[in-house]
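Only the coordinates and a few stated rules stand behind these numbers; no lab work does. Since the model is a prediction, treat every value here as computed from it, not as a measurement. Because the Cβ atoms are built from the backbone with ideal geometry, glycine has one as well, and the counts that use them run over all protein chains shown.
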């Protein structure tokens, strides 16, 4: 037993020393480290409240301060006698029924000891929590009023611990913007529905220092108080009896009494904002230091830099607001003037339409005769007539547009399509100009979208219609073969397709019937279908019909054989399409993702991608991106495309 007596005595002494140190509040700081409790920035100076551990007298002349590594001229004074920085301490006292008896009496006595020991320039507030939270006294220097509040404390049943902490934080933050701390005294857990996470978030947001005193609690019971103390950069102090409780409150008061107010003159080169601060002080022959990252300089009050708005840097692609308004006004005036002039213009005389134009007018997408053009009276009709006159000078363009419209199955005429296309492009250009606030880049992007978008839509619609025609061609030929076997003529079998077939074959065959009734040979009308639908398969069908009508034979059997061949080709085509779907999808995704995402960033985060359009290296990168992306899309499309 004697062998273990000395180690056990040393361990007991160590535990006792730790308990006393915790009761004195010294556990919040390391033994050889000071603590910067508060930083108050100014335009030329920064004020620091520094706590120095221990009981030795602090040598105020030994203060040293560096800001971002630069030495700053600094002075130190006792915070107990200085009034340059406001200091607030709020006592949050548990007044639930569990505090009845000696505990509430000990708590009152310890709180009164705190009032007697705390420096006179520290504003003290008192908040109690039980069934409800009550601010018994807002932070004040009136110690007599605080003593009276403590004498009149009463108890209730429940423990609103978390609500009491939030109430104490509100009382501290409302009273001022200096150093703010709260001291919690409680002997039990919270019995309300308030969550601990919300309290911890509120403590972190308020940046209020939180010290907690656990009265008669041990083990897991102190966990909530410990978490709140950690969130408030404070300490948890355990008090088992009245003596420890009094020492805890006395330690809190001594920490405030030993605080040092350090005033440092900012270097002239220090910009407004945050900086690394390092401060050191000597006490009892030992140097104590601490560092913090905080705001050290504020903008001078009333200065132009503080009040005037910061102008936004203009892009080289931006158009002045006056120019934007002038362009919009000019477009509006031009449209009004155009409508007015058209309304004053009477019908013009023109020569009679040719035989070809008169016959073409009976087609689905034929050009209107010029005589009909001159009879249009409304502004829209006049605009269409003007577009038709423009297309009349460019027959090749009109033929290409007409061919695309016919293949897409759209009822618009070339002149009408030109007007719709121009309206979409102009409308999107104006929309981009307005959305971009006059940015020329937005105007260009939306104009390109308005110019290319309708053609892409027309091409997509045309492609779907052509695929639908080829997909239904085999069934159509089988139906024609059955009609011919039943004794119907070729024209009658085509009429059967019109009545019982599916689009787009029915509309095309209906046009064949109309043309044959106007005197066009049936073979030529069918060949027109193959040209409009760009179908090699149907071209072979027409060729087979021509040969049969010249040399004779069983047309029904011939069409049935061709239908079987086309069905096998369609099966092979779909099989190859399914096998190459992954490659085509990869081409769409990899090719479309970069430009679409760049457009998205341009519209939502213009400043982020602005260097791509304004710097030489950015323009070079854009050019390289376009070249590489084009080569990649072309290569992937060729690899994934298989001709059948």
Additional length obtainable on full extension of the chain from residue 226 to residue 286, 0.36 nm per residue less Cα span: 18.5 nm
Cα gyration tensor shape for region 427-575, rounded if a/c is under 1.5, else prolate or oblate: prolate
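Please compute the Kirkwood hydrodynamic radius over region 582-640, one decimal place, Å, based on all pairs of different Cα atoms. All intermediate terms of the calculation are to be shown ahead of the outcome.
Details: mean 1/r = 0.0802 Å⁻¹.
Kirkwood hydrodynamic radius for region 582-640: 12.5 Å.
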Residue 586-residue 514 FRET efficiency (beta carbon distance; Förster radius 51 Å; 0.05 resolution): 0.65
Cα gyration tensor, region 80-258 - rounded (a/c under 1.5), prolate or oblate: rounded
Shape category assigned to region 94-137 from the gyration tensor of Cα positions, a/c cut at 1.5: oblate
Overall dimensions of region 545-589 by Cα: Rg and Dmax, Å: 17.6, 53
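Applying a 10 Å radius around every beta-carbon, put 632-638, 538-544, 458-464 in order of their mean neighbour count, most first.
Working: 632-638: 13.1, 538-544: 18.4, 458-464: 15.0.
So the peptides 632-638, 538-544, 458-464, ranked by packing, come out 538-544, 458-464, 632-638.
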Highest to lowest packing among 148-154, 531-537, scored as the average C-beta count within 10 Å: 531-537, 148-154
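How much length is gained if the chain between residue 531 and residue 435 is pulled fully straight, taking 0.36 nm per residue apart and subtracting their Cα-Cα distance, in nm to one decimal? Please report the intermediate quantities before stating the final value.
Numbers: separation 96, 0.36 × 96 = 34.56 nm, distance 4.40 nm.
The span from residue 531 to residue 435 would gain 30.2 nm if fully extended.
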Gained length - residue 498 relative to residue 456, 0.36 nm times residue gap less alpha-carbon distance: 12.1 nm
Value of relative contact order over region 582-640, rounded to a whole percent, pairs C-alpha under 8 Å and six or more apart: 48
Label zone at residue 569 (point 7 Å along Cα-to-Cβ), backbone N below 11 Å, region 519-539: 535-539
Estimated distance in nm for a label pair at residue 605 and residue 396, the labels positioned 7 Å out from Cα along Cα-to-Cβ: 4.7
Burial order of peptide ranges 260-266, 220-226 (average beta-carbon count within 10 Å, highest first): 260-266, 220-226
Spacing of the two label points (7 Å from each Cα toward its C-beta) at residue 637 and residue 193, in nm: 6.3
